[in-house]
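The values are calculated or read from the model by the stated rules, or taken from the named source; none is laboratory data. Model, not experiment: these values are computed from the prediction. Note that we place each Cβ from the backbone using ideal geometry, even for glycine, and neighbour counts take in every protein chain shown. Side chains are part of the model used for accessible areas, which takes the heavy atoms of the whole protein and leaves out ligands, DNA and RNA. Shrake-Rupley method; radii C 1.70, N 1.55, O 1.52, S 1.80 Å.
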Amino acid sequence: MEFKITKDLILELEQHIVNKNDKELESLLNDMHHADIAEVLDELDFEEATYIFKVLDSEKTAEILLELEDDLRENILSRLSAKEIAEELDELDTNDAADIIAELSKDLKAEVISELQDVEHAKDIVELLRYDEDTAGGLMGKELVKVNENWNVLTCVKEMRIQAENVSRVHSIYVVDDENRLKGRLSLKDLLTTSTKTHISDVYIRKLNWVKVDDKDVEVARIMQKYDLEAVPVVDELGRLVGRITIDDIVDVIKEEAEKDYQLAAGITQDVETNDSILELTKARLPWLLIGMVIEVIASFVLKDNENAFRRYSTLIIFVPLLSATAGNIGVQASAIVVQGLANGSLKEFSRVYFSKEIAVAMISGSIISLLLLGYHSIMYQQYLVGLAISISIVVVILFAAILGTLVPLFLHKNKIDPAIATGPFITTANDIFGIIIYFAVARMILGF
């Protein structure tokens, strides 16, 4: 059952903090999952959260630290000494410890590393800090189980027992050669059912998926999603095994990428959170609003140039909002499907088959909408030629919007620009100006004004 924070729980915690009832606090929280405790701490003020954090032992608080909101974690860390922070990091896997150290100031970072008790742990963390955070190297942990292809099964089991002491969860057993180059993986079933004298080289599985240290995190996420992997090994430029990435590490990447794409699609130009300042929120939203304003001003000049048409055929202007909304919706729908295809790998580049399919959908949709509009205009206004002009314009504008919505994300993707930007204001505003131009061009040809 999912944990729920109650007012009574918060009041009880606050009372224990006021009365300095450390044992009661520890007893109350020790049976809770670290993610639930982090959720509770987020509901308290900084001083109360820090107090509770110091009451619990490092084995518990190290996991809590990873689940906290960035602001609260930063505030709690600022209240801990370098030695206290090091005690927390000694309990964490290398990749999680490296992520926290990366958030510290340069001087504090060096001080904390010097306070780490486990020298090998410290060396691994320092190595991970060399990699960019959005690469496989920045995501990977050093904790893994590996065996040499030249060992026999008995030696392999002995070595695995030693290695497993430092690994919280064994996802795979990797096989390397004498130069630590990744050769394959070992099945636990084969290990248990094979003679102890058999060499690992005779039984290991040579086919496995792996990533390089400089591969982008989104590419790692795509590979793990595609092949349904719980963990993937990471190799360096020489093919040597240097770490592994587990599914819990990649879930955060998938979540962050989805949030980023959603914000881009909504016209938010930088990553923001609900607790960001008014200035940061404004800076993220304003650029596309200004671009949209400029485009709409241009559209107003197009409308102004057609004032004579409005005087002769007044119903033309009535359907301009419908035209803009329909074109915008068609364009956003087309671009959203393309962006989704690019994200999951089902559409890597321009596809004539998909393009033809999108044009066919636009034609069918446009024809249905235009026929309904023609019927409505004929009944309401009895201006059959004007109705025909509006209906044909709608079909042409919908076709244009579908083409734009399909090609723009592909163009952006090819030029290394996030195509998610095409699914929102970009397509909507572009369709506004071009849609109005097309609308009056078609109407002028048919009505002769």
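Under a 1.4 angstrom probe, counting protein chains only, how are Ile417, Ile101, Ile223 ranked by accessible area, largest first?
The ordering from most to least exposed comes out as Ile417, Ile223, Ile101.
With Cβ to Cβ distances under 11 Å as the rule, what net charge do the other residues near Ala402 carry (K, R +1; D, E -1)?
That sum, taken over residues with Cβ under 11 Å, equals 0.
Of all DSSP beta bridges in the chain, what percent run antiparallel (nearest 5)?
If we restrict to bridges inside the chain, about 70 percent are antiparallel.
Using the per-residue mean of other Cβ atoms lying within 10 Å as a proxy for protection, in what order, highest first, do the peptides 60-67, 37-44, 15-22, 424-431 fall?
Result, highest mean first: 424-431, 60-67, 37-44, 15-22.
Within 10 Å of each candidate Cβ there may be at most 16 other Cβ atoms; applying that plus a DSSP loop requirement, which chymotrypsin sites (Phe, Trp or Tyr not before Pro) in segment 185-242 survive?
Listed in order of number, the matching sites are Tyr227.
Using just the helices of the chain, give the 222 nm mean residue ellipticity in deg cm²/dmol: DSSP H runs with n ≥ 4 each add -39,500 (n - 2.57), and the total is spread over all residues, rounded to 500.
It comes out at -21000 deg cm²/dmol, rounded to the nearest 500.
How would you classify segment 93-234 from its alpha-carbon gyration tensor, with a ≥ b ≥ c the square roots of the eigenvalues: rounded for a/c under 1.5, else prolate if a/b is greater than b/c, otherwise oblate?
oblate
Which of the pairs Lys106/Lys226; Lys20/Lys255; Lys4/Lys255; Lys212/Lys416; Lys60/Lys109; Lys123/Lys212 have their Cα atoms more than 31 Å apart in this structure?
Result: Lys106/Lys226; Lys20/Lys255 exceed 31 Å.
Hey, got a sec? Which trypsin sites (Lys or Arg not before Pro) in segment 144-250 land in a DSSP loop and have at most 10 other Cβ atoms within 10 Å?
Answer by residue number: Lys197, Arg206, Lys207.
With Cα Rg over 2.2 N^0.38 Å defined as stated, name the option among (1) 1.01; (2) 2.17; (3) 1.35 computed from the structure displayed.
Correct label is (3).
Would you work out the relative contact order for segment 292-449, in percent, from Cα pairs under 8 angstrom that are 6 or more residues apart?
Once normalised by length, the contact order is 39 percent.
Quick one: with all protein chains in place, what share of the accessible area of the chain is carbon or sulfur, to the nearest percent (1.4 Å probe)?
55 percent
Which angle between 0 and 90 degrees, to the nearest 10, do you get for helix 352-381 versus the longest principal axis of the chain when only C-alpha atoms count?
Value to nearest ten degrees: 40.
Before I look further, what does segment 76-153 give for accessible area per residue, probe 1.4 Å, in whole square angstrom?
For segment 76-153, the solvent-accessible area averages 47 Å² per residue.
Using only Cα atoms, tell me the angle between helix 217-226 and the longest principal axis of the chain; keep it within 0 to 90° and round to the nearest 10.
So the inclination is approximately 90 degrees.
At a Förster radius of 35 Å, what calculated FRET efficiency corresponds to the Cβ-Cβ distance of Thr196 and His33, to the nearest 0.05?
0.30
What angle do you read, to the nearest 10 degrees and between 0 and 90, between the alpha-carbon axis of helix 320-344 and the longest principal axis of the chain?
30 degrees
Round to the nearest 10 and report in Å² the accessible area of Ser356, as given by a 1.4 Å probe over the protein chains' heavy atoms.
For Ser356, solvent-accessible area is about 70 Å².
Just order 383-393, 311-321 by mean Cβ neighbour count inside 10 Å, highest at the front, would you?
Peptide ranking by packing, descending: 383-393, 311-321.
What FRET efficiency do you get for Ile318 and Asp248 if R0 is 45 Å and r is their Cβ-Cβ distance, rounded to the nearest 0.05?
Taking R0 as 45 Å, the efficiency between Ile318 and Asp248 is 0.20.
Can you give the FRET efficiency for Ile437 and Asp132, using 1/(1 + (r/R0)^6), R0 = 35 Å, r = Cβ-Cβ distance, to the nearest 0.05?
The computed FRET efficiency comes out at 0.20.
By how many nm would the segment from Leu371 to Asp107 lengthen if fully extended, with 0.36 nm per residue of separation less the alpha-carbon distance?
Gain on extension, Leu371 to Asp107, equals 88.0 nm.
Compute the separation of the alpha-carbon centres of segment 175-228 and segment 109-125 and state it in Å as a whole number.
29 Å
Do any GluC sites (Glu not before Pro) in segment 305-370 lie in a DSSP loop with no more than 14 other beta carbon atoms within 10 Å, and if so, which?
Answer by residue number: Glu349.
So how far apart, in nm, are the two label points at Asp22 and Gln163 if each is 7 Å from Cα heading toward Cβ?
In this crude label model, Asp22 to Gln163 measures out at 4.1 nm.
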